[in-house]
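For reference, the structure discussed in these notes is given below.
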Amino acid sequence: TVSVLYWGAMDSVFKSEEQNDLCPSLTFKQRIIAFFCTLCLGVLFGILAWVAIFQKNYVQFGVFFTLSNCTAIGGSMFLAGPLKQLKKMFEETRWIATSIYLLMMIMTLVAAFAIKSPALVIICCLLQYLAMVWYGLSYIPYARTVVKNCVKGMVG
């Protein structure tokens with residue numbers, strides 16, 4: 001049928017040495033399913049983060065918020081392939097944003113588990129969010145320039 005032909009054609013498009021490192025035997029359809037399962041898990045972690053914040057459990061919020069971001073990165077690796085994604089994450093234009101994003105995820109977990117400081121967890125989550133946005137904008141041509149100009153215009 002048409003769907004079998006489509007998935008088979010997409011398998012050949014997405015087969016590469018880089019992509020086969022994560023789960024080499026997965027078809028394109030299975031990679032899409034894995035991505036959406038990971039996406040759903042990330043959404044669940046996001047919902048749990050909001051539940052925690054409404055319960056004023058800021059440490060738990062930080063943990064679930066960070067898990068949500070980790071599953072987002074992990075899920076997209078099913079689509080792009082881990083090596084290809086890592087190469088893109090650390091390209092010249094986004095390595096700083098990626099590094100800060102990953103560092104803030106680690107710092108959020110350190111603040112939650114080792115330091116146990118709700119205020120520090122919230123600060124780390126805010127910085128994690130800003131780094132995630134800046135990282136995401138790096139994939140949209142001229143988006144960072146537009147944001148910079150908007151901020152300059154608002155600040156003065």
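As an exercise, use a Förster radius of 25 Å and the Cβ-Cβ distance of Val110 and Thr27 to find the FRET efficiency, rounded to the nearest 0.05. Working from the Cβ atoms, E equals 0.05. State whether the range 92-156 is rounded, prolate or oblate according to the following rule on the C-alpha gyration tensor (a ≥ b ≥ c being the square roots of its eigenvalues): a/c under 1.5 gives rounded; otherwise a/b larger than b/c gives prolate, and the remaining case gives oblate. Cα axes put the range 92-156 in the oblate bin.
With all protein chains in place and ligands, DNA and RNA left out, the 1.4 Å accessible area ranks Thr98, Thr71, Thr27 as Thr27, Thr71, Thr98, largest first. Heavy-atom surface analysis with a 1.4 Å probe gives the chain a carbon and sulfur content of 75 percent of its accessible area. Measuring r between the beta carbons of Tyr139 and Cys37 and using R0 = 22 Å, the FRET efficiency lands at 0.45.
When the Gaussian network model of the chain links Cα atoms closer than 10 Å, the mean-square fluctuations of Gly136, Gly42, Gly62 top out at Gly136.
Heavy atoms of the protein chains alone define the surface here; on that basis the range 95-152 has 61 Å² accessible area per residue at 1.4 Å probe size. Across every pair of non-identical alpha carbons in the chain, the mean reciprocal distance, once inverted, gives a Kirkwood radius of 17.4 Å. In this structure, the amide hydrogen of Ser138, modeled 1.01 Å from its nitrogen in the peptide plane, lies closer than 5 angstrom to no residue at least 5 positions away or on a different chain. Summarising the amide proton neighbourhood of Ser117: residues at separation of 5 or more, or on other chains, whose placed amide H is nearer than 5 Å comprise an empty set. For the chain, lysine pairs with C-alpha atoms less than 29 angstrom apart, excluding pairs fewer than eight positions apart on the same chain, total 12.
Across the range 116-127, coupling constants 3J(HN,Hα) worked out from phi with the 6.51/-1.76/1.60 Karplus curve, θ = phi - 60°, read 6, 10, x, 5, 5, 4, 4, 4, 5, 5, 5, 5 Hz, and Gly and Pro carry x. Computed with a 1.4 Å probe over protein heavy atoms only, the accessible surface of the range 47-94 comes to 55 Å² per residue.
Take every Cα pair under 8 Å whose residues are at least 6 apart in sequence, average their separation, divide by the length of the chain, and the relative contact order is 21 percent.
The values are calculated or read from the model by the stated rules, or taken from the named source; none is laboratory data. On a predicted model such as this, the values are computed, not experimentally measured, just so you know. Backbone-built Cβ (ideal geometry, glycine too); neighbour counts: all protein chains shown. Accessible surface is based on the protein model in full, side chains and every heavy atom, while ligands, DNA and RNA are left aside. Shrake-Rupley method; radii C 1.70, N 1.55, O 1.52, S 1.80 Å.
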